[in-house]
Amino acid sequence: SAIYELSCEAYKHLGKTSNYYWIDPDGSGILGPLKVYCNMTEDKVWTTVYHDLQMQTSVGGSSPEKLSVLQLNYSATMDQISAITSSAEYCEQFISYSCKMSRLLNTPEGNPYTWWVGKANEKHYYWGGSGPGIQKCACGIERNCTDPKYYCNCDADYKQWRKDSGMLSYKEHLPVSQVVVGDLDRPGSEAKVSVGPVRCQGDRNYWNAASFVTSSSYLHFSTFQGETSADISFYFKTSASDGVFLENLGNTDFIKLELKSATEVSFSFDVGNGPVEIVVRSPNPLNDDQWHRVNAERNVKQASLQVDQLPLEVRKAPTEGHTRLELYSQLYVGAAGGQRGFLGCIRSLRMNGVTLDLEERAKVTPGVKPGCSGHCTSYGMYCANGGKCVEKYNGYSCDCSKTAYDGPFCIKDVGAFFEEGMWLRYNFHSPGTSMKDLVSRTLLSSADPEITAPDLSLNKEELSFSFSTTKSPCVLLYVSSYTPDFMAVLVNPTGNLQIRYNLGGTKEPYNIDIDHRNMANGQPHTVNVTRNGRDIVLQLDHYPPTSYSLPATSDIQFNSPKALFLGKVIEIGKIDQDIYKYNTPGFTGCLSRVQFNQIAPLKAALRPTNASSHVHIQGELVESNCGASPLTIPPMSAATDPWHLDSAFNFLFTASADFPYNGQAIGDGVNRNSAIIGGVIAVVIFTILCTLVFLIRYMFRHKGTYHTNEAKGAESAESADAAIMNNDPNFTETIDESKKEWLI
């Protein structure tokens, strides 16, 4: 049975993030698994397959041969790539021809000098940005070629470098397997060819589904051809306790899959030796309206059945007797021959590697509806950090609008780097509206509706954010009001964190001081502060939460909140003396995932949302992921932690490679030269790191090692962070800010 998922879409719905994965597009069929890059950063997943032709490969320079053939070798077979393109909703491949006195398609009338070969060894005479049957380049379609007499820039035959490039997106012709270049036989003729990887988006098979509304409804397909081997897999979701999934009959032979009871799935067949039945019993009910996966296989040696991750049930075939399954009737999905059919949803039904189009057949069949609803019951848990699961016809998506996060699962930090003197203000009510502005009132209140009092006073707040800085003192965050009330999170001159509340009723503001930790050490730190009336709970990084209580005389209403400041406080009226002092020169460093009740000020500033009008920024806000999550590492762990070298080594190696396409690495080291160069660089970096580690150890052997109680879980945290850095394509932008914490 398949040990790999069928597609990138399947990995995404196991909650996986962007990375290289092995996929097996036809289950246990003949194609076998292949390694692809799955990019999960968008709503629809991109699957990328790489080849070994380098970008800007030079061809020609007055060679006597008329044609130069560039061969592309992929990290997969053509059949494997076809399986991906045929099930995808859209595919594309970038192609570019840079030329100096080398014509491309010989437009407007001539025979093309250059062409590319695609699937099934067909020649194609159109170029990137154009389509089948149109002998033009992108500039010919857009009518902006260098010389309007021609339909390609290169066809003008200039002595200066010109270029024709664009996407090939007719997926039935992809991938490009060869580029054949002509017009190189004149002195001074030169050309360079670039071809990107094949990228496909969407997976029509994974969500291809039908809903069976009555127990007598069924879909029928042509006879299943599974004489010597059968491989059947599908997902089902039901609240009924029994029903037939599918059945195909012969004279006496048959094959059948059914839900026998709320906890039993049965696979039965007869190849002429009498009926055989394999049953998988589940400890938990299978009619819980969640998706469950069934995989049934039969060959001449044995038969097996697996449901979800439950143990595989296997039955050996008899050593003698019949082995061929001879079927004649149509294949019925759902009720067959007067039996009680399946009620609920079946999706992604694959029989011997071919996905049956349940959706199309359901459109013309009474009692069966195309598609399914209720994906959130199974997958809603993947929407993290308060993201809401939204049902879609074919799948689901996560709505992150009420969170400080981004990305398909609301787990991507939205953060920014603040330079000295920069600040951000988020006004709780829009310009030109009254204090009783409803939108702000709902967002400002936490989830409880009773807090939206007309005068907008808060008796509870939830604040969370992450920061890193090396400079103290500074103001991280400040919430002002139309009264003397305020709340502030500060780093004091010694680098310690301080939470300050002034809600009235006390002479001095109430301070929570975290004295024993230097927070201005350049590492990312997370802060969570929750106040409910008098009770305050503070959680720092991975330490246990600590509880505090406002003094008995203190008011517990935060009256008339006005604005939230990040980095610096620019507010009219009287400001607390310490905060005034800490305000100059201002915060320098990184702030991310800032959330105050349901307001995400940084996200409002960096992503155009309906809250963006509330934001005012002084200076230029540069987006950054701030080194992702906080580390639980002692400052000197680099010297003793064996993971450190690996992670830094991996990180440097991945960060220093020059990725020509879409920020991702080329798979499987297909190019030998770059592998050798990469190896040399890696060895040099490794040597430097070893020397550094040796020096650090030597220095600290004399100075005495500095221990803190932050060492718990250090190894796992450090490698996990390294993994985040390696996997996050946006990370390379933030190397400068995060150098301090990585090359300790």
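The values are calculated or read from the model by the stated rules, or taken from the named source; none is laboratory data. These figures come from a predicted structure and were not determined experimentally. Note that each Cβ is placed from the backbone with ideal geometry, even for glycine, and that neighbours are counted across all protein chains shown. Side chains included, ligands, DNA and RNA excluded: accessible areas come from the protein's heavy atoms. Shrake-Rupley method; radii C 1.70, N 1.55, O 1.52, S 1.80 Å.
Any idea which of VAL59, VAL69 is touching a Leu at 6+ places or on another chain (Cβ under 9 Å) and either modelled with pLDDT of 85 or more or within 21 Å of GLY166 (Cα to Cα) (or both)? Let's see the steps before the verdict.
Working: VAL69 fails: touching a Leu at 6+ places or on another chain (Cβ under 9 Å).
Just a single option satisfies the conditions, and that option is VAL59.
Being under 32 Å from the mean Cα position of the chain (by Cα), closer than 22 Å to ASP231 by Cα and without any contact (Cβ under 8 Å) to a residue 60 or more places away in the chain is true for just one of LEU349, LEU310. Which residue is that?
On the way: LEU349 fails: without any contact (Cβ under 8 Å) to a residue 60 or more places away in the chain.
Residue meeting the stated conditions: LEU310.
Within region 342-385, how many residues turn out to be of a type in the set (Lys, Arg) and crowded, with 20+ Cβ neighbours inside 10 Å?
Matching residues across region 342-385 total 2.
Of everything in region 66-93, what is of a type in the set (A, V, I, L, M, F, W, C) and open to solvent by 50 Å² or more (accessible area, probe 1.4 Å)? Give them in sequence order.
If the condition is that a residue be of a type in the set (A, V, I, L, M, F, W, C) and open to solvent by 50 Å² or more (accessible area, probe 1.4 Å), then LEU67, VAL69, MET78 are the ones that fit.
Hey, among the residues in region 35-47 that are open to solvent by 10 Å² or more (accessible area, probe 1.4 Å) and part of a strand (DSSP E or B), which one's nearest to SER75 (Cα to Cα)? Full working, then the answer.
First, pick out the residues of region 35-47 that are open to solvent by 10 Å² or more (accessible area, probe 1.4 Å): 35, 37, 39, 41-44, 46-47.
Subset that is part of a strand (DSSP E or B): 35, 37, 39, 46-47.
Values: LYS35: 7, TYR37: 11, ASN39: 17, TRP46: 17, THR47: 13 Å.
The selected residue is LYS35.
For LEU259, all conditions in the list (1) surrounded by fewer than 23 Cβ atoms within 10 Å (Cβ to Cβ); (2) in contact (Cβ under 8 Å) with a residue 40 or more places away in the chain; (3) more than 34 Å from the chain's Cα centre (by Cα) hold save one; what is the number of the exception?
Here LEU259 clears every test but (1).
Looking at region 200-223, which of its residues are outside any strand (DSSP E or B) and either more than 37 Å from the chain's Cα centre (by Cα) or of a type in the set (S, T, N, Q) (or both)?
Initial filter on region 200-223 (outside any strand (DSSP E or B)): 202-208, 213-217, 222-223.
Residues satisfying the conditions are ASN205, ASN208, THR214, SER215, SER216, SER217, SER222, THR223.
Of the residues that make up region 81-93, is at least one closer than 20 Å to VAL198 by Cα and in a loop (DSSP other than H, G, I, E, B)? Before the answer, list the steps.
Pass one, region 81-93, residues closer than 20 Å to VAL198 by Cα: 81-93.
Add one more test, that the residue is in a loop (DSSP other than H, G, I, E, B), and what stays is 88-89.
Yes.
If I ask for residues that are farther than 22 Å from SER211 by Cβ and either of a type in the set (Phe, Trp, Tyr) or in contact with a His (Cβ under 9 Å, 6 or more places away or on another chain) (or both), which ones from region 271-303 would you list?
VAL271, GLY272, ASN273, SER282
Restricting attention to region 485-517, report how many residues are surrounded by 15 or more Cβ atoms within 10 Å (Cβ to Cβ), farther than 18 Å from ASN459 by Cβ and polar (S, T, N, Q).
Residues in region 485-517 being surrounded by 15 or more Cβ atoms within 10 Å (Cβ to Cβ), farther than 18 Å from ASN459 by Cβ and polar (S, T, N, Q): 4 in total.
Can you confirm whether region 477-490 contains a residue that is farther than 27 Å from ALA604 by Cβ and out of contact with any helix residue (DSSP H, G or I) (no Cβ under 8 Å at 6 or more places or on another chain)? Let's see the steps before the verdict.
Of all residues in region 477-490, those farther than 27 Å from ALA604 by Cβ come to none.
Scanning region 477-490, I find no residue that is farther than 27 Å from ALA604 by Cβ and out of contact with any helix residue (DSSP H, G or I) (no Cβ under 8 Å at 6 or more places or on another chain), so the answer is no.
Determine whether region 322-335 contains at least one residue that is open to solvent by less than 20 Å² (accessible area, probe 1.4 Å), of a type in the set (Phe, Trp, Tyr) and modelled with pLDDT of 85 or more.
Scanning region 322-335, I find no residue that is open to solvent by less than 20 Å² (accessible area, probe 1.4 Å), of a type in the set (Phe, Trp, Tyr) and modelled with pLDDT of 85 or more, so the answer is no.
Quick check on region 82-106: of everything there that is out of contact with any Pro (no Cβ under 7 Å at 6 or more places or on another chain) and of a type in the set (A, V, I, L, M), which residue is farthest from LYS149 (Cα to Cα)?
Out of the qualifying residues, it is ALA88.
Checking the structure you have, find out if any residue of region 181-194 is in a strand (DSSP E or B), among the hydrophobic types (A, V, I, L, M, F, W, C) and open to solvent by 40 Å² or more (accessible area, probe 1.4 Å).
no
Read through the list (1) more than 28 Å from the chain's Cα centre (by Cα); (2) within 22 Å of TRP161 (Cβ to Cβ); (3) of a type outside the set (A, V, I, L, M), then give the number of the only condition that GLN135 fails.
Here GLN135 clears every test but (2).
Among the residues of region 391-413, is any farther than 20 Å from ALA605 by Cβ, at pLDDT 75 or above, open to solvent by 30 Å² or more (accessible area, probe 1.4 Å) and not in a loop (DSSP other than H, G, I, E, B)?
Scanning region 391-413 turns up no residue that is farther than 20 Å from ALA605 by Cβ, at pLDDT 75 or above, open to solvent by 30 Å² or more (accessible area, probe 1.4 Å) and not in a loop (DSSP other than H, G, I, E, B).
Step by step: first the residues of region 561-615, then only those that are within 20 Å of TYR482 (Cα to Cα), free of Cβ contacts under 8 Å to residues at least 24 places away in the same chain and of a type outside the set (Phe, Trp, Tyr), then the one that is surrounded by the fewest Cβ atoms within 10 Å (Cβ to Cβ). Which residue is that?
ILE572
Return the residues of region 103-119 that are at pLDDT 85 or above and of a type in the set (Ser, Thr, Tyr); say none if nothing qualifies.
Listed by number, the list holds a single entry, THR114.
Would you say LYS369 is assigned to a loop (DSSP other than H, G, I, E, B) and of a type in the set (D, E, K, R)?
Values: assigned to a loop (DSSP other than H, G, I, E, B): no; of a type in the set (D, E, K, R): yes.
The answer is no for LYS369.
Return the residues of region 263-298 that are open to solvent by 10 Å² or more (accessible area, probe 1.4 Å), modelled with pLDDT of 90 or more and part of a loop (DSSP other than H, G, I, E, B); say none if nothing qualifies.
Passing the criteria: THR263, SER282, PRO283, ASN284, PRO285.
State all residues of region 348-391 that are charged (D, E, K, R) and in contact with a helix residue (DSSP H, G or I) (Cβ under 7 Å, 6 or more places away or on another chain); if no residue qualifies, say none. Break it down stepwise before answering.
So the first thing to find is which residues in region 348-391 are charged (D, E, K, R), and the list is 350, 357, 359-361, 363, 369, 388, 391.
Hits for region 348-391 are LYS369, GLU391.
SER547 fails exactly one of the following numbered conditions: (1) open to solvent by 30 Å² or more (accessible area, probe 1.4 Å); (2) of a type in the set (Gly, Ala, Ser); (3) touching a residue at least 24 places away in the same chain (Cβ under 8 Å). What is the number of that condition?
(3)
Please go through region 239-256 and pick out each residue that is touching a Gly at 6+ places or on another chain (Cβ under 6 Å) and crowded, with 22+ Cβ neighbours inside 10 Å.
Passing the criteria: only VAL244.
Just one of the numbered conditions (1) touching a residue at least 60 places away in the same chain (Cβ under 8 Å); (2) open to solvent by 50 Å² or more (accessible area, probe 1.4 Å); (3) farther than 28 Å from ASP43 by Cβ is not true of MET167; which one?
Only one criterion in (1) touching a residue at least 60 places away in the same chain (Cβ under 8 Å); (2) open to solvent by 50 Å² or more (accessible area, probe 1.4 Å); (3) farther than 28 Å from ASP43 by Cβ is unmet by MET167, namely (3).
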